[in-house]
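Trainee: Pasting in a structure now, in structure tokens, and then I'll have a few things to ask.
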There are 2 protein chains.
Amino acid sequence: MTEETERQYLNQYNIKDYESPLYSVDIAIFTLHNGQLKVLLVERAAHPFKHSRALPGGFVDLHIDADIEATARRKLVAKTGVDAPLLEQVTTVGNASRDPRGWSVTTLYMALIPYAPTADFVDTVSEAIWCPMEELKELSLAFDHQLLIELARERLKNKTAYSVLPLHVLERPFTLSQLQHAFELLMGKSLEKKSFRRRILNAELLHQVGEGVPEGGKGRPAGLYEPSAGSERHLFVRVFGD
Amino acid sequence: MTEETERQYLNQYNIKDYESPLYSVDIAIFTLHNGQLKVLLVERAAHPFKHSRALPGGFVDLHIDADIEATARRKLVAKTGVDAPLLEQVTTVGNASRDPRGWSVTTLYMALIPYAPTADFVDTVSEAIWCPMEELKELSLAFDHQLLIELARERLKNKTAYSVLPLHVLERPFTLSQLQHAFELLMGKSLEKKSFRRRILNAELLHQVGEGVPEGGKGRPAGLYEPSAGSERHLFVRVFGD
DNA sequence: CCAATAGTGTCTTTGAGACACTATGAG
DNA sequence: CTCATAGTGTCTCAAAGACACTATTGG
């Protein structure tokens, strides 16, 4: 019995000889603006679902991308101009029915960035819009992107309860009230002021960098804070907000 | 300007026209046996890495699998005969270098099952072995499977600290001492007996179903417990073991 | 003064850590 | 009795919830 060597096998191997699912990477980019949680949607330029709204995403470029996170980052930078944000893999969804072209798999990432108008980074206004999460249900999105957004939203909510994820949506410096507000929007519930401040300050994640004006120009000036180095990765041993 | 319709586009679409990464599903199956955490390894029957040890896994069967979890479950059942276990997606790894055939993506699942000898479910003993995690470092595994196992191991450790995941590796019924031992092996640290029992019993996840003999035939008989319906999904608000 | 926002004092409750203690069986 | 394993009593400590209180600004 002659055994094929691995070298021989690789020489004659051709990926196109096998039936393989479509593989793509999608990214749910969140921000806060005007007291609302918003997600970035683009208009699809090609079939299928041409002209429908969808999450930014697409196929891996085998020649440019070193890994799938690079694919996600490439899409993120193209639509927002932001690099070095919070970018995190959420999950991978793959089945026979999510894409009319056939069996399809997508790895979903989520990103969290401070608000910036999309107009600065895309050619046409309609190409990318910040959609408030509250208006999402009314839209009909391409593929299963409505589901993907829900999955990312869930992760956002859960992780906010035991991390300092919301730091990533604020411009620096920020006040503790602004930070609490960000937590409340991401968690979808209001938090007790004293408990919140005790938790954040006791963890020694922030350092004060001065005083600023209060929200809306009225009231006592608030302390301004910035995260200390590495503090964005802090995890609490207890979830917050009961 | 004539616009192609979506129907026309789909009719002439052919997935093989595009360069796409390889896509596979791998699964790290864990169990406890003889006081050790073990992971199931199989011997690869084909190139690349023919005859190397690897995680069970492989390509999606587009005609059989409804979704990627079905692919993972199919592999799990084939190697262990176990269905309806804990089966959970860990992460997806994809890059240009992990497979000698080219750009490759794999979605990693992990499963947790009570111990059963592999011989009952595979044709040859060498086809599947339970490898103690302590002996893993010395082995040279196919692809990046050493890394994949580490990722699954990390998830196991983290999730054990805020869930009741270890319930899935025990035969029913079990004693609280056995359960604590399972927790300790999965977390890789010893736990304080009183704290452990208080935590588990206060959560009302178990019901007692009698008394059994103690470990090793000596000492006071222990209460025997089974999980109540749905309790496997309980999450604590506080991580255990500091 | 008032309104508005920022920030504190302090009591209660929950649940983990430590660790010594008691309980029940086999020999 | 002793040894081994199962299970409890109870004190301390960390941190969240509740909520009333004080502080600092603009008008």
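Trainee: Please pick out the residue among B:T80, B:T92, B:T107 that is within 21 Å of A:T71 (Cβ to Cβ) and either under 13 Å from the mean Cα position of the chain (by Cα) or not assigned by TED's automatic domain parsing to the domain that holds B:V39 (or both).
Mentor: The unique qualifying residue is B:T107.
Trainee: A further question on this structure: Just to check your reading of the model, which residue among A:S177, A:S190 is under 18 Å from A:N34 (Cα atoms), more than 7 Å from DNA strand D (Cβ to nearest atom), more than 14 Å from every other protein chain (Cβ to nearest Cβ) and outside any helix (DSSP H, G or I)?
Mentor: Only one candidate qualifies: A:S190.
Trainee: Let me ask you something else. Please go through the range B:207-242 and give me each residue that is over 26 Å from A:A161 (Cβ atoms), more than 10 Å from DNA strand D (Cβ to nearest atom) and not small (G, A, S), ordered by number.
Mentor: Scanning the range B:207-242 gives B:H207, B:V209, B:E226.
Trainee: Still on this structure, I have one more. What number of residues in the range A:193-206 are outside any helix (DSSP H, G or I) and either within 12 Å of DNA strand D (Cβ to nearest atom) or within 22 Å of A:N34 (Cα to Cα) (or both)?
Mentor: 2
Trainee: Does A:L87 satisfy being within 15 Å of the chain's Cα centre (by Cα), under 30 Å from B:T5 (Cβ atoms), at pLDDT 95 or above and surrounded by 18 or more Cβ atoms within 10 Å (Cβ to Cβ)?
Mentor: For A:L87, the condition - within 15 Å of the chain's Cα centre (by Cα), under 30 Å from B:T5 (Cβ atoms), at pLDDT 95 or above and surrounded by 18 or more Cβ atoms within 10 Å (Cβ to Cβ) - is not met.
Trainee: If you don't mind, there's one more thing I want to ask. Checking the conditions here, which among A:G210, A:G216 is part of a helix (DSSP H, G or I), at pLDDT below 95 and not hydrophobic (A, V, I, L, M, F, W, C)?
Mentor: A:G216
Trainee: Give B:V169, B:V164, B:V105 a once-over and let me know the one that is within 19 Å of B:V25 (Cβ to Cβ) and hydrophobic (A, V, I, L, M, F, W, C).
Mentor: B:V105
Trainee: Could you check A:A222 against (1) within 21 Å of B:V237 (Cα to Cα); (2) within 16 Å of DNA strand C (Cβ to nearest atom) and say which number it fails?
Mentor: The single condition A:A222 does not satisfy is (1).
Trainee: Looking at the range A:138-174, which of its residues are of a type in the set (V, I, T) and part of a helix (DSSP H, G or I)?
Mentor: Correct list: A:I149, A:T160, A:V169.
The values are calculated or read from the model by the stated rules, or taken from the named source; none is laboratory data. If you're wondering where the values come from, they're calculated on a predicted model, not measured in any experiment. Every residue, glycine among them, receives a Cβ derived from its backbone with ideal geometry; neighbour counts consider all protein chains shown.
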